[in-house]
Amino acid sequence: MNENTRQSAFDGDLLDVTGSLDSLLIDGRINVETGSIFADDFMQYAQFRAGTHASRGRMHNKITLVYSNDVDGNLDARLDGGRVDFAPKPGMLYFVPEKVVQEYEFSGEARNTAVTLDADFLRSVADANPEFRNSRIDEPRFPFRNPNIVRKMSALVSLAGRQDMGWRTLSEACRLEIAVELLKSLNTDVDAAVSTLSQYELNVIKDYVRANLENNIGLESASALIGRDIYGFGRAFKAATGRTFHQYVTFQRIDEARRLLTQTSMPIIEVAYASGFSSQAHLTTVMGRHLGLTPAVIRKSANA
């Protein structure tokens, strides 16, 4: 595929997905290998291989669970505007609630298993079990691990493929177990530490950011340092600092650029690169937005 002509997932009309999982596809390649919609439409699954592609859409009245069987590539995802850019790893799960706008640009090769569950069914399981009152079923979670979910997804695919006697009843049992395990993974009582970061964790992240300002600093690499999933880390970081991780990194870069402008004679374009900006124009734009000053004015005032 010519990357110069490939359509972006972040442009164009939104597709409301009512059919197969691959109907989100805008451009590129998704090959569904096996898939089934049960008679009462309570569950849909698909095993598929994906090459470089762009997709955009949302699922109504369905939640989506994706398991990464094998992957080598990079994913740029936006879920209701929240952006995550990272290299997915095999063995990870991804949860997307109903009605969330999903926009993906993936480059590479991946083999995934996807399952959708009726959102009302998931809510009914949560309502029947008060211990799940704090399960965040309306927030995406990218990525996380739950071996029990993976085993039940695999069992579901196997049952639907063989269709032995009683397979529908056994599949419904799998559906219930997947729902329970998912609610466990989304429950803030089980992972109460998601609400904030310890001082040690915060120090680790701050040291990492300071040491890597000139490099690409993403949520995935930062969250991995302290063993958090990306979305849990994002919430915890904001609770601890009052800023999103992206905002924090931006202001750290501004502070570093300001230090270099006032304490060194480094050319402004080199100041931009050293503090993690893509160009002098980028540095100028960001400083103007947040400080109301240009790099040149900051340097001139320091030398006055």
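Numerical summary
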item	result
Segment 125-245, relative contact order [Cα under 8 Å, separation at least 6], %	30
Residue 172 accessible area, 1.4 Å probe, all protein chains in place, Å² to nearest 10	90
Among 125, 108, 155 the positive-end extreme of the charge dipole of segment 105-185 (Cβ point charges)	155
Listed residues 164, 72 arranged by accessible area, highest first, probe 1.4 Å	72, 164
Heavy-atom accessible area order for 149, 217, largest first, 1.4 Å probe	217, 149
Tensor-based shape of segment 42-103 (alpha-carbon gyration tensor, a/c under 1.5 rounded, otherwise prolate or oblate)	oblate
Accessible-area order (highest first, 1.4 angstrom probe) of the listed residues 55, 154	154, 55
Two-site FRET efficiency, residue 221 against residue 70, from Cβ-Cβ distance with R₀ of 22 Å, rounded to 0.05	0.55
Solvent-accessible area of residue 145 with every protein chain in place, 1.4 Å probe, in Å² to the nearest 10	150
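The values are calculated or read from the model by the stated rules, or taken from the named source; none is laboratory data. These numbers come from a predicted model, not from an experiment. Glycine also receives a Cβ, built like all others from the backbone with ideal geometry; neighbour counts cover every protein chain displayed. Heavy atoms of the whole protein, side chains included, go into the accessibility calculation; ligands, DNA and RNA do not. Shrake-Rupley method; radii C 1.70, N 1.55, O 1.52, S 1.80 Å.
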